[in-house]
Structure formats: structure tokens, C-alpha cells
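To start, the structure itself, in C-alpha cells.
The values are calculated or read from the model by the stated rules, or taken from the named source; none is laboratory data. In this text the structure is predicted, and so the values were computed from the model without any measurement. Positions of Cβ are generated from backbone atoms using ideal geometry, with glycine treated the same way; all protein chains shown enter the neighbour counts.
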Amino acid sequence: MEIFQLVGVAFVTAVAAILLKATKPELSLAVTIAGSIVLLLFVFDLLQGSVSIFQKIAETTGIEFSLVKTVLKMIGIGYLVEFSAGILTDFGQNSLADKLIFCGKVVILILAIPILENVLSLIVKLLGLIK
């Protein structure tokens, strides 16, 4: 099971970072970032298989796959920003973490504009059918 690999990498990273923090704090940060990257690579590998499921859902429902892809990007950005902000907070960079979260929200808002346009277009079409 992949979850055991993820937990193992997280614990090894945490122990190594704690041990290094006392003697070489700068390496502690590097170890934490490296472990985080390994975790993200594991998860991205797991998610690649799931994209085909979303493509089938889009085909079945008639929704454009580009919209589904945009929603998946928005979710991914949210998770990545939260994950990264957590690392920054762990190292006492709360202000920078807050700025990163703000920037992530702006990027998600920008990605949401085409979805909003499609929803409004659908509403206009439905109102046109009612008249």
C-alpha cells in the first residue's frame, strides 16, 4: 500500500530534520524540503492513473474535458499551496506562508473565470429556452 510508503518517508524526513536541527539547522530545512518533494512525487504518480477516470466522467456527462482539467488544476494548486505554506510555517515563516496562500487564491480565482463564463452561458441558454 502506498500510504505506508508516504508515512515512512514523512517519518524518516521528520527524524532526520529533528536530528539535524540541533547541529546544522540549515540542513534541517533542506532535508524537510527534499522529503516534501519526495512525498509530492509519490502523490503525483498516484494521481496520474486517476486522470483517466475524470476523462471518462467528462465524456459520459458531456462536459468539456478542459473544464474538468481546470477544476483539477484548481484543486492541485490548493493542495500544493497548503502543503508549501505548512512547511514555511514549520520554519517560522508565517508571513511568507500567508502571502503564498493569498497568491494561491488569486491563481485559483483566475483559473475559475472560464468556468464562470461557461456557467453564465449555460444559464443564458436555459433562460432563452424558457421564453
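Structure data summary
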read-out	value
Residues located in region 5-27, provided they are of a type in the set (Ser, Thr, Tyr) and surrounded by 12 or more Cβ atoms within 10 Å (Cβ to Cβ)	13
Residue that is modelled with the highest pLDDT [pool: residues in region 44-92 that are exposed (fewer than 15 other Cβ atoms within 10 Å of the Cβ) and part of a loop (DSSP other than H, G, I, E, B)]	92
Inter-residue pairs, beta-carbon under 7 Å, first under 11 Å from residue 67 (Cβ atoms) and in region 110-131, second part of a helix (DSSP H, G or I) and of a type outside the set (A, V, I, L, M, F, W, C), 6+ apart	111/70; 111/73; 114/70; 115/70
Boolean, residue 2 is in contact (Cβ under 8 Å) with a residue 24 or more places away in the chain and either outside the structural domain of residue 87 (by TED's automatic domain parsing) or surrounded by 11 or more Cβ atoms within 10 Å (Cβ to Cβ) (or both)	yes
Cross-chain or 6+ apart pairs with Cβ under 6 Å, region 47-72 first and closer than 23 Å to residue 108 by Cβ and without any contact (Cβ under 8 Å) to a residue 12 or more places away in the chain, then among the small types (Gly, Ala, Ser) and assigned to a helix (DSSP H, G or I)	65/58
Subset of region 35-75 that is among the basic types (Lys, Arg) and within 14 Å of the chain's Cα centre (by Cα) - its residue that is nearest to residue 5 (Cα to Cα)	73
Criterion (of a type in the set (D, E, K, R) and farther than 30 Å from residue 69 by Cα) met by exactly one of 24, 56	24
